[in-house]
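I have placed the structure first, in the form of structure tokens, so that the comments after it can refer back to it.
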Amino acid sequence: MKVWLAHHQEAARLALRRLTAAPLNSLLSLLAIGVALALPAGGQMLLANALHLAGTTSAVPQISIFMAANAERRAATEIESRLTRYSGVKQVQFLPREDTLARMKANPGLRDVIEALPANPFPDAFVVTAKDDRPEAMEKLAVEFRQWPKVEHVQLDSSWVRRLDALLKLGRTAVMLLGALLGAGLIAISFSIIRMQMLTHRAEIEVSQLLGATDGFIQRPFLYYGLLLGLGGGIVAWLLVGGAALWLRTPLSELVRLYDLTLVLQTLDARDSALLLGFAAGLGWLGAMISMRQHLRQG
Amino acid sequence: MIRFDRVSKRYPPGVDALSDLSFDVAEREMVVIGGHSGAGKSTLLKLIAAIEKSTGGAVLVGGQNVGGLSRSALPYLRRRIGMVFQDQKLLFDRNAFENVMLPLSIAGFPPREAAQRVRAALEKVGLANREKALPVMLSGGEQQRLAIARAVVNRPSMLLADEPTAHLDSETAADVARIFHEFHDVGVTVLIATYAGDLFPGARRLQLDHGKLVP
Ligand SMILES: Nc1ncnc2c1ncn2[C@@H]1O[C@H](COP(=O)(O)OP(=O)(O)OP(=O)(O)O)[C@@H](O)[C@H]1O
Ligand SMILES: [Mg+2]
């Protein structure tokens with residue numbers, strides 16, 4: 001066991017020595033692999049952030065009810081009590097038009113516009129949380145509320161939740177597809193790099209065979225080479241994605257603040273990082289394996 | 001130990017390197033194979049280590065038909081044989097120590113024991129102080145001795161050497177010949193292909209002429 005370990009260590013060391021023997025070559029290979037992997041890894045990072053954003057904001061779909069502009073407060077009070085009694089309703093929040101006006105005036109960009117208006121343009125409104133928040137049930141409630149007196153407009157926000165959900169699903173598929181495609185690319189890169197490595201070390205392979213080396217022994221340093229190549233490429237991809245996250249953090253936060261949301265862009269979490277590195281190392285190894293198999297079969 | 005039974009070897013374009021060759025080599029025997037250039041000496045040695053395969057007859061090593069060995073069984077035959085190649089086949093990007101270490105790494109020796117054996121083998125051929133030298137930094141004779149150290153480091157029961165004294169001055173050649181005698185003395189079966197048969201007094205002689213044994 002110890003001997004076995006020592007020989008693997010030896011093969012890994014040899015691979016590392018070869019990788020550092022031609023630093024510029026290796027660096028360019030790592031960069032090629034890193035950039036290829038950065039695409040699906042970056043996609044996964046954005047996806048994870050979008051999921052997080054969706055989770056913090058729209059977990060509970062709500063129904064907004066707007067009263068007619070000319071409705072009196074009495075009408076609103078009437079609706080409120082109806083809503084509180086209504087069996088399908090879990091929670092009601094009343095938003096008086098004065099409060100809405102005050103809140104909007106607090107926004108310096110809107111203040112001038114609002115003050116120029118002759119009257120309060122906002123109606124009384126309610127935000128309703130339903131007991132059953134499946135889209136069909138919500139839709140039924142909305143239809144009902146629309147028929148109530150002095151109700152001007154009922155808005156269901158489950159539709160954007162559903163849209164976001166579909167979008168995230170699409171994103172996930174895209175990331176997976178991209179991952180598969182560029183993963184195959186990584187195998188191809190590793191395959192051809194190992195092929196060149198074998199040509200460089202042809203003499204060593206031949207002599208080893210003459211001295212009684214098994215295919216396994218001959219393959220070992222090349223497999224480690226492929227593994228290190230993949231792993232190094234994975235680290236490059238990780239750094240690229242992390243750098244991009246840092247760089248995009250501030251502008252993105254500003255963008256989502258416009259939608260009343262908060263987001264601090266996070267780079268890949270521990271699980272995704274481990275997945276990226278493992279995936280990269282594994283594919284590098286696989287490319288080397290296929291290359292070696294093909295070469296030794298011929299020889 | 002080694003038996004050639006009506007062995008022929010024809011290389012692809014139709015060159016008959018060996019034809020209908022039969023002989024036996026006993027355990028612990030020392031045999032010198034002579035003959036003109038192109039007589040088939042190297043081919044004979046390559047058939048023993050199954051580097052080439054006979055196109056007729058059978059080559060038996062320790063009772064085993066080596067021509068019939070599978071790809072996965074070959075390495076284990078070769079580890080039992082120490083071979084000095086005509087073109088030496090040293091690795092030029094590895095130093096003397098690493099070149100001699102290779103057969104031990106291949107055979108899976110524990111590193112510490114392997115290092116001791118490498119030093120002993122280098123000592124034996126008089127290269128103890130050249131461990132770190134790359135092959136290009138060694139003279140022709142030193143390279144030849146390095147190749148011998150690599151062949152014997154695994155303590156094989158059989159030693160095959162192809163022109164181990166070529167390009168050496170008579171004094172160095174005698175040194176090298178002495179090394180083979182020493183291995184023969186401790187019970188190793190030794191086969192040497194050479195023009196310089198005189199360097200190996202007491203060895204049995206096989207003379208090849210155009211791939212046939214001269215009686
Ligand atoms: N791989 C090969 N392909 C084709 N012909 C070969 C090959 N190897 C050797 N031969 C031919 O087989 C014959 C015997 O070659 P071999 O190398 O065994 O001779 P040798 O006795 O070792 O000669 P030398 O003393 O010059 O080393 C020669 O005619 C040679 O040209
Ligand atoms: Mg020859």
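The values are calculated or read from the model by the stated rules, or taken from the named source; none is laboratory data. Bear in mind that the values here come from a model prediction, so they are computed numbers and not experimental data. Cβ placement follows ideal geometry from the backbone for every residue including glycine, while neighbour counts extend to all protein chains displayed. Heads up: the accessible areas ignore ligands, DNA and RNA and are worked out on the full protein's heavy atoms, side chains in. Shrake-Rupley method; radii C 1.70, N 1.55, O 1.52, S 1.80 Å.
Here the ratio of the Cα radius of gyration of the range B:91-154 to 2.2 N^0.38 Å is 0.98. Under 5 Å between amide hydrogens, built in the peptide plane, is the criterion, and for B:Lys9 it picks out B:Ala17, B:Leu18, B:Ser19, B:Asp20, B:Thr55 among residues at least 5 positions away or on other chains.
Seen against the Cα atoms of chain A and their longest principal axis, helix A:73-85 is set at about 60 degrees. So, counting K/R as plus one and D/E as minus one, what does the shell of residues with Cβ under 15 Å around A:Gly88 add up to? Once all neighbours under 15 Å are counted, the net charge is +2. Let me make sure I get this right: for the range B:49-175, a, b and c are the square roots of the gyration tensor eigenvalues over alpha carbons, sorted descending. Under 1.5 in a/c it's rounded, otherwise prolate if a/b > b/c, else oblate. Which is it? Oblate, since a/c reaches 1.5 and b/c is not below a/b. In order along the range A:245-259, the phi-based Karplus estimate (6.51 cos²θ - 1.76 cosθ + 1.60, θ = phi - 60°) of 3J(HN,Hα) comes to 4, 4, 5, 8, 4, 5, x, 6, 4, 5, 5, 6, 5, 4, 9 Hz; Gly and Pro are listed as x. Only beta bridges with both residues in the protein assembly as shown are counted; by DSSP, about 65 percent of them are antiparallel. Overall form of the range B:137-211: oblate. Here a/c, set by the Cα gyration tensor axes a ≥ b ≥ c, is 1.5 or more, and a/b is not larger than b/c. Orientation-averaged projection of chain B equals 11.9 nm² [convex hull of Cα atoms, one quarter of hull surface area]. Longer than 24 Å from Cα to Cα, which of B:Lys9/B:Lys124; B:Lys53/B:Lys212; B:Lys89/B:Lys132; A:Lys90/A:Lys140; B:Lys41/B:Lys89 are they? Say none if no pair is. Correct reply: B:Lys9/B:Lys124. Looking at chain B alone, DSSP beta bridges between its own residues are antiparallel in about 50 percent of cases.
Sparse packing (at most 14 other Cβ atoms within 10 Å of the Cβ) combined with a DSSP loop state is found for the following chymotrypsin sites (Phe, Trp or Tyr not before Pro) in the range A:182-262: A:Tyr259.
Each Cα pair under 8 Å and six or more residues apart adds its sequence gap; the mean of these over the residue count of chain B is a relative contact order of 31 percent.
Distance between the C-alpha centres of the range A:235-290 and the range A:157-231: 19 Å, rounded to the whole angstrom. A cut-off of 5 Å between modelled amide H atoms, ignoring neighbours fewer than 5 places along the same chain, links B:Gln207 with B:Gly34, B:Val214. For chain A, the 222 nm mean residue ellipticity estimated from helices alone, with every DSSP H stretch of n ≥ 4 adding -39500 (n - 2.57) and the total spread over all residues, rounds to -26000 deg cm²/dmol. The distance from the alpha carbon centre of the range B:45-97 to that of the range B:101-118 is 19 Å, rounded to a whole number. I want the local charge near B:Ile179. Using Cβ-Cβ distances under 9 Å, sum +1 for each Lys or Arg and -1 for each Asp or Glu among the other residues. Once all neighbours under 9 Å are counted, the net charge is +1.
Computed from Cα positions, the angle between helix A:23-57 and the longest principal axis of chain A comes to roughly 20 degrees.
All other residues whose Cβ lies under 11 angstrom from that of B:Glu131 are scored, Lys and Arg at +1 and Asp and Glu at -1, for a net of +1.
Looking at the range B:41-149, the trypsin sites (Lys or Arg not before Pro) that sit in a DSSP loop and have at most 13 other Cβ atoms within 10 Å of their own Cβ are B:Lys53, B:Arg71, B:Lys132. Helix-only arithmetic for chain B: the sum of -39500 (n - 2.57) across DSSP H runs with n ≥ 4, divided by the residue total, places the mean residue ellipticity at 222 nm at -10000 deg cm²/dmol. Each part gets one Cα centre, and for the range B:163-215 versus the range A:130-152 those centres are 104 Å apart. Quick one: angle between helix A:135-146 and the longest Cα principal axis of chain A, in degrees between 0 and 90, rounded to 10, please. With rounding to tens, the tilt is 20 degrees. A Cα-only calculation for chain A places Rg and Dmax at 30.7, 100 Å. Pairing chain A with chain B buries about 1800 Å² of accessible area. This figure sums both sides and uses a 1.4 Å probe.
GluC sites (Glu not before Pro), restricted to the range B:1-79: which are DSSP loop and have at most 13 other Cβ atoms within 10 Å? Sparse-neighbourhood loop GluC sites (Glu not before Pro): B:Glu27. Sort the range B:1-84 into rounded, prolate or oblate with this rule: let a ≥ b ≥ c be the square roots of the eigenvalues of the Cα gyration tensor; rounded if a/c is under 1.5, and if a/c is not under 1.5, prolate when a/b is larger than b/c, oblate otherwise. Oblate shape, in that a/c is at least 1.5 and b/c is the bigger or equal ratio.
The simple spin-label model puts a point 7 Å past each Cα toward its Cβ; for A:Arg249 and A:Asn120 those points are separated by 4.2 nm.
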